[in-house]
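Notes to accompany the following structure.
The values are calculated or read from the model by the stated rules, or taken from the named source; none is laboratory data. Here the structure is a predicted model, which means the values were calculated and not measured. Neighbour counts run over all protein chains shown; Cβ positions are idealised from the backbone, glycine included. The area values use the complete protein model at the heavy-atom level, side chains included, leaving out ligands, DNA and RNA. Shrake-Rupley method; radii C 1.70, N 1.55, O 1.52, S 1.80 Å.
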Amino acid sequence: MRRALLLLALAPVLAGCGPNGVLLHDPHALSFVTPQRYATVRLPVILRWTVDKAWVASAGGTDGAHAMLFVDRSPMAPGEVFQGATPTDRSGVVDAAGTTYTLASLPAGSENARGRHEVTVVLVDRGGHRLGEVSDYLQLQVVRQ
């Protein structure tokens with residue numbers, strides 16, 4: 001009886017542990033390696049991150065999963081598809097194959113008085129659906145040359 005009550009109490013939690021329920025979160029599944037968070041950099045800057053392939057498989061993204069970078073803008077919500085049909089919509093958004101990307105320029109209009117910029121990386125499947133809640137971000141101080 002206790003086991004049945006425990007399973008009943010945990011059912012909402014257990015139902016949300018996969019790609020069709022509350023989306024998966026693991027703070028170590030995706031993380032930037034370089035540059036360090038809050039670093040001062042000059043463009044171009046090479047961004048590197050790691051991806052836990054076992055996590056990607058558990059989230060249902062084994063076929064065609066890749067990173068999507070958002071520069072000075074927010075990523076789409078977990079489970080959503082990025083809706084960037086026009087070049088303006090895609091400003092500051094990069095589909096990245098692999099785990100390295102060279103950021104050579106900043107999106108138009110993303111300048112701020114202090115030169116601080118934020119880069120967020122998320123994982124998406126082949127169709128562009130965001131996989132889980134995993135993400136990482138860098139805040140960079142970009143120095144003009």
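Residue selection: Val122 satisfies the criterion of being open to solvent by less than 80 Å² (accessible area, probe 1.4 Å), in contact with a Lys or Arg (Cβ under 6 Å, 6 or more places away or on another chain) and touching a residue at least 40 places away in the same chain (Cβ under 8 Å).
Look at Asp89 and say whether it is among the acidic types (Asp, Glu) and either modelled with pLDDT of 85 or more or surrounded by 16 or more Cβ atoms within 10 Å (Cβ to Cβ) (or both). No: the conditions fail for Asp89.
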